[in-house]
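Readers should treat all values here as calculations from the given coordinates under stated rules, not as data from a laboratory. Worth saying up front: this structure is predicted, and the values here are computed from it rather than measured. When we count neighbours, we look across all protein chains shown, and the Cβ atoms used for this are built from the backbone with ideal geometry, even at glycine.
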Amino acid sequence: MHRRGVGAGAIAKKKLAEAKYKERGTVLAEDQLAQMSKQLDMFKTNLEEFASKHKQEIRKNPEFRVQFQDMCATIGVDPLASGKGFWSEMLGVGDFYYELGVQIIEVCLALKHRNGGLITLEELHQQVLKGRGKFAQDVSQDDLLRAIKKLKVLGSGFGIIPVGGTYLVQSVPAELNMDHTVVLQLAEKKGYVTVSEIRSSLKWEMERAKQVLEHLLKEGMAWLDTQATGEPQYWLPALFTELYSQEITPEEAKEAIP
Amino acid sequence: MDRFSWTSGLLELGETLVVQQRGVRLYDGEEKVKFDSGVLLLSTHRLLWRDQKNHECCIAVPLSQVVFIEEQAAGIGKSAKIVVHLHPASSNKEPGPFQSSKYSYIKLSFKEHGQIEFYRRLSEEMTQRRWESIPTGQTIQVNKDPQAGRIRAVGIVGIERKLEEKRKETDKNISEAFEDLSKLMEKAKEMVELSKSIANKIKEKQGDITEDETIRFKSYLLSMGIANPVTRETYGSGTQYHMQLAKQLAGILQTPLEERGGIMSLTEVYCLVNRARGLELLSPEDLVNACKMLESLKLPLRLRIFDSGVMVIELQSHNEEEMVASALETVSEKGSLTADEFAKLVGMSVLLAKERLLLAEKMGHLCRDDSVEGLRFYPNLFLTQS
């Protein structure tokens, strides 16, 4: 009597079927890879055409750049991930942002001893523009933010802290948690903050307020003014507007160039 | 100043006065002109200036000629100004006080203040662009020369129409760019979908994909800038490109590393390499991905990540732990040192100096004194003097 489905024969047949299925699975992936390769070539052509018509627009128009970046983010594409990517090679967006990254690093290094590694986006923008010279392409604050986001991966502590409608750019690996950030935001209005202000605005205990301020002092991001009338004031050099107009001295520039 | 035309100073039909300000002086670019004391008027269609002493002397420029405006703050002995950048004068512009000018902008100097309000109103008019939607006709009052008045009004309409066409052309260019961009993004989206589908297939097969296929797939993702979903776990995020890059870096960085005591931060490397390249720069991610492969490719450099997250490149021959011993000597000689002081003494960047001192502390050779005056390191006497 034949019994179906059992016995060595049946098992062998099953194994063969599984192997064939796996094979087909491999073939399917191969097919799709081939399809992707073809579509990639087509896309490259489309991108070349786009570049020939609109490359200048991207270079010259900061608003168009923002549109471009937003659209890429929406569909899940990072045009700045690699210098070897199509976007970078054909539209030249890569070089624009990577060079900007270098300029940002150099400005931050040069000014670190003044501000402890914290700088407003405005001041960074001004200094970068100065360094780029009169005839360079215009660079917007949005451009700076995108370049800084890319620099994070280098591990030297680049970060962006939102304060009162603008941003502070951090360029040192100092740990700044929520407490520190909130105090920075509080200080942004006047450029300084006091222990009483922190306690009344944030409802913190004395100890917590002091700890945060001491950390900022240690990192060189805050300076203590004990001669202020009333209680001591903790000033943030990053927020000194007078510093904006000061040039980077030759000594500072030397510090910046590796 | 050659964009201005003589005018009667009377408003056209449909033109409305928005704001006016006394005590305004005009500049042709950076140079003062003889129009030094007048009333500046802003209408829905034009910017006019009338001499306070001689009311017959009146000039105007259409707002459509304005490219953009800037504020210039007051200084010591200097009034606040508004800088008005202008399109070149059209060929059929009505005659004015200047035939030519070497500047494409003028300045309005507010000797009796009022610039804040004026700037605000002018910005508003520039945004609303009412001159585009409200046609102007002849002046309703009787001119000295009614014939000329009619011709002048027609002339203005003609100029405005030309500018309208030019603006439509520019707008068309920009909207064409956006349209093309949207179409391109649709196609890019298809690529992303396809790559997701392939990634899912790979996941289902659970590692049954050949190395060759993986390499191909990763290079496709790199070209499109799509994040690497599946294969990162099995083969790392490096591609052939990053392998080649790693080998290049080993060549480029050997000498600079030797010159800097065998160690450099990744930000220093990023700047050095990109400044040298000039074009076809590396992205920060490219650099990190390449450096991650240095050790496995048995190259004479390696990537090291400190506890703080700081990333450095070291020569294989460099031994940070040995450097700690010499750091301890230096600190002992001086009694105590901060990272800044140590950096200056040794000729290192502050970032790396700090890491070395922290490592020395971790190894038990140094102690810290953490006060508001900064972080200072001392030799660890607890260890040596028990």
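Can you pull the mean other chain C-beta count within 10 Å for peptide B:215-223?
Values: counts 0, 5, 5, 0, 3, 5, 4, 5, 10.
Mean partner-chain Cβ count within 10 Å for B:215-223: 4.
Which number comes out as Rg/Rh for the range A:125-258 once both Rg and the Kirkwood Rh are worked out on C-alpha atoms? Don't jump to the answer; show the numbers that get you there.
Working: Rg = 16.7 Å, Rh = 16.7 Å.
Result for the range A:125-258 is an Rg/Rh of 1.00.
In peptide B:176-187, how many Cβ atoms from other protein chains are near each Cβ within 10 Å, on average?
Details: counts 3, 10, 6, 0, 6, 9, 2, 2, 9, 7, 3, 7.
Whole-number average of other-chain Cβ neighbours for B:176-187 is 5.
Just need the relative contact order of chain B here, percent rounded to a whole number, with Cα pairs under 8 Å and 6+ apart.
Details: 514 pairs, mean separation 39.8, N = 386.
Relative contact order, chain B: 10 percent.
Using alpha-carbon pairs under 8 Å, 6+ residues apart, how would you state the relative contact order of the range A:42-99 in percent?
Numbers: 39 pairs, mean separation 17.9, N = 58.
Computed value for the range A:42-99: 31 percent relative contact order.
Which values, in whole Å and largest first, are the semi-axes of the equivalent ellipsoid of the range B:1-117 obtained as the square root of 5 times each eigenvalue of the Cα gyration tensor?
Details: eigenvalues 81, 56, 39 Å².
The answer is 20, 17, 14 Å, longest axis first.
Need one word for the range B:322-370: rounded, prolate or oblate. Basis is the Cα gyration tensor (sqrt eigenvalues a ≥ b ≥ c); a/c below 1.5 gives rounded, then a/b vs b/c decides.
Values: a/c = 1.28, a/b = 1.22, b/c = 1.05.
Rounded, because the longest to shortest axis ratio a/c is under 1.5.
Just the Cα atoms of the protein assembly as shown, one point each, no solvent: what log10 I(q)/I(0) does Debye give at q = 0.10 Å⁻¹?
Ignoring solvent entirely, the Cα scatterers give -1.08.
Taking the Cβ of B:PHE306 as the center, what net charge do the other residues with Cβ under 14 Å away carry, scoring Lys and Arg +1 and Asp and Glu -1? Could you put the intermediate results ahead of the total?
Numbers: positive: B:ARG302, B:ARG304, B:LYS354, B:ARG356, B:LYS362; negative: A:GLU175, B:ASP307, B:GLU314, B:GLU320, B:GLU321, B:GLU355, B:GLU361.
Surrounding charge for B:PHE306 is -2.
Can you show me the helix-derived [θ] at 222 nm for chain B, built from DSSP H runs with n ≥ 4 at -39,500 (n - 2.57) apiece and divided by the number of residues, rounded to the nearest 500. Spell out each step's value before the answer.
Values: 12 runs with 178 residues, N = 386.
Taken over chain B, the calculation gives -15000 deg cm²/dmol.
Give me the Kirkwood hydrodynamic radius of chain B in Å, from all C-alpha pairs, to one decimal place? Don't skip to the end; give the middle numbers.
On the way: mean 1/r = 0.0354 Å⁻¹.
Result for chain B, one decimal place: 28.2 Å.
Past the 25 Å Cα-Cα mark, which pairs from A:LYS150/B:LYS189; A:LYS60/B:LYS168; B:LYS189/B:LYS218; A:LYS44/B:LYS168? Don't skip to the answer; put the middle values down first.
On the way: A:LYS150/B:LYS189 22 Å; A:LYS60/B:LYS168 19 Å; B:LYS189/B:LYS218 17 Å; A:LYS44/B:LYS168 31 Å.
Over 25 Å apart, Cα to Cα: A:LYS44/B:LYS168.
Remind me, relative contact order of the range B:238-303 in percent, using alpha carbon pairs under 8 angstrom and six or more residues apart? Kindly include the intermediate steps, with their values, before the conclusion.
Working: 43 pairs, mean separation 30.8, N = 66.
Value for the range B:238-303: 47 percent.
Listed highest first by mean packing, meaning other Cβ atoms within 10 Å per residue, what order do A:189-195, A:132-138 come in? Don't skip to the end; give the middle numbers.
Values: A:189-195: 17.4, A:132-138: 9.7.
Per-residue Cβ counts within 10 Å, averaged per peptide and sorted highest first, yield A:189-195, A:132-138.
If you plug each phi of the range B:252-266 into the Karplus form 6.51 cos²θ - 1.76 cosθ + 1.60 with θ = phi - 60°, what whole-Hz ³J(HN,Hα) values come out, in order, with x for Gly and Pro?
For the range B:252-266, the Karplus curve yields 5, 8, 3, 5, x, 5, 4, 5, 10, x, x, 8, 9, 6, 5 Hz.
Within 10 Å of each Cβ in A:83-93, how many Cβ atoms from other chains are there, averaged over the peptide? Each step should come with its number before you reach the end.
Details: counts 13, 13, 8, 6, 4, 7, 2, 0, 0, 2, 0.
Mean shielding by partner chains, rounded to a whole number: 5.
Taking the alpha-carbon distance from B:LYS34 and a cut-off under 30 Å, which lysines remain once sequence neighbours fewer than 8 residues away in the same chain are dropped?
B:LYS53, B:LYS78, B:LYS81, B:LYS93, B:LYS102, B:LYS107, B:LYS111, B:LYS144
Report the local net charge at B:ARG260: Lys and Arg +1, Asp and Glu -1, summed over other residues whose C-beta lies under 12 Å from its C-beta.
-4
Compare B:SER195, B:SER371, B:SER283 in a GNM of chain B, Cα atoms joined below 10 Å, and give the one with the largest fluctuation.
Most flexible of the set in this elastic network: B:SER371.
Hull surface divided by four, with the convex hull built on the Cα atoms of the range A:21-90: how many nm²?
Working: hull surface 23.2 nm².
If I average the Cα hull's projected area over directions, I get 5.8 nm².
Straight-line reach from B:LYS298: which aspartates and glutamates fall under 15 Å, measuring Cα to Cα and dropping same-chain residues less than 8 apart?
The reachable aspartates and glutamates, counting only those whose Cα sits under 15 Å from B:LYS298, are B:GLU314.
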